[in-house]
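The values are calculated or read from the model by the stated rules, or taken from the named source; none is laboratory data. Note that the coordinates shown come from a computational prediction; the quantities given were computed from them, not determined experimentally. Glycine also receives a Cβ, built like all others from the backbone with ideal geometry; neighbour counts cover every protein chain displayed. Side chains included, ligands, DNA and RNA excluded: accessible areas come from the protein's heavy atoms. Shrake-Rupley method; radii C 1.70, N 1.55, O 1.52, S 1.80 Å.
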Amino acid sequence: MNIKQIVEKVTNNWPIKIICFVLAIILYILHQASMIEKKTFIVPLTIINDGNYTYIGELEKKVSVIVKTSPEYMNSIQTDDITASINLNAKNPNSIYPVNITVDDSILKIDPLEIQVKPEHIHVNVEEKVMKYVKVNPSIVDEVASGYRIESINCDPPFVEIIGPKSVVEQVDEVNTKRIPTSNASASFTAETSYYELNKLIEVPNKAPYRVTVEVLPKIKSHSYVDIPISVINLDSNLKIQNNLPKIKLDVEGTVPFLERYVLPANAICLDMQQITEEGNYELDLKIKVASVLKILGISQEKVNVQVIKVDNQSEDDKKSEEESKESSVD
């Protein structure tokens, strides 16, 4: 068969032959496709930012990885076999970073195998990473016991290092601890706590432990005692006070817990008559006898005028007899 005959045979009914050829290709593709299975894995996105840059704003935390292979291999592929990451160690001028996919070596041996990630690129706002020290603010909750107050709060360490995007770090002056309950505390105490993560863009290398010392002291208040009678002591039995003594007002200051249970003694205000031996008018100092923990703020009067007279020691029977004698003599 010469070349002319071969050409004539090939071109004979060529439209039908082309259609058959195309159909054969389609059937082959469909056959191959029927032997491939597709599965989508949701993979956590790892952010690599060990250098001088970090990200700000919202960032995708997961990506979709589409795997195509034959059904016999698909069940052997697990999510843990696939790792997705973006590298922020170098700043990309257009802020578009490719998503890198890494799979286990055992997966790479599979044939056929096709892997695709969505999205393939992620827009990331990248900023210079800076560090500074800020104050640790202990988070005190609840109230101390009634009558007490918090005098001071000290934290060890008082300052910690924070790392993050420059624009964020510059606005942070302190970080908070986790809750420290002080319910009904009536004495100073020390508690251990740790860093409370509020801003996820801020990294705190030293998250714990923080030792917080809370100094709890009684509240101080003033109190007035009124209408206090004067207690007379050491008065000579042959003498007596003729005039009425005034009632006294006394102002003191002390702790709330002590004042709430303190009872003023009967001789809180004293008039000592030990030096008085004769009748007469005297101006005498008053003495205050209260608990030593109380501070005296004031007294309505520090001195008192006293009229002292002798006591008539004649018995009542003698007085009655004397009166009867006088009546008889008159008759």
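Observations on the structure shown:
- Residue match in the range 54-63 (condition: closer than 30 Å to MET131 by Cβ, open to solvent by less than 70 Å² (accessible area, probe 1.4 Å), aromatic (Phe, Trp, Tyr) and modelled with pLDDT of 65 or more): yes
- Leading residue by the ranking (nearest to the chain's Cα centre (by Cα)) among those in the range 265-283 that are of a type in the set (A, V, I, L, M) and part of a loop (DSSP other than H, G, I, E, B): ALA268
- Number of positions in the range 207-218 that are open to solvent by 90 Å² or more (accessible area, probe 1.4 Å) and over 19 Å from ASN176 (Cβ atoms): 0
- Restricting the range 190-206 to residues that are open to solvent by less than 50 Å² (accessible area, probe 1.4 Å) and under 17 Å from the mean Cα position of the chain (by Cα), the residue that is nearest to PRO257 (Cα to Cα) is ALA191.
- Per the listing ILE180, ILE162, the residue uniquely in contact with a helix residue (DSSP H, G or I) (Cβ under 8 Å, 6 or more places away or on another chain), buried (at least 16 other Cβ atoms within 10 Å of the Cβ) and in a strand (DSSP E or B) is ILE162.
- Among the candidates PRO157, PRO112, residue that is under 16 Å from TYR195 (Cβ atoms), exposed (fewer than 15 other Cβ atoms within 10 Å of the Cβ) and of a type outside the set (D, E, K, R): PRO157
- Among the conditions (1) in a loop (DSSP other than H, G, I, E, B); (2) in contact (Cβ under 8 Å) with a residue 60 or more places away in the chain; (3) within 17 Å of ASN137 (Cα to Cα), the only one that VAL212 does not satisfy is (1).
- From the options VAL99, VAL130, VAL136, residue that is of a type outside the set (Asp, Glu), modelled with pLDDT of 90 or more and over 20 Å from TYR55 (Cα atoms): VAL136
- Inside the range 232-264, residues that are touching a residue at least 12 places away in the same chain (Cβ under 8 Å), within 39 Å of the chain's Cα centre (by Cα) and not in a loop (DSSP other than H, G, I, E, B) make up a count of 9.
- Positions within the range 24-50 being open to solvent by less than 40 Å² (accessible area, probe 1.4 Å) and at pLDDT below 85, in sequence order: ASN49
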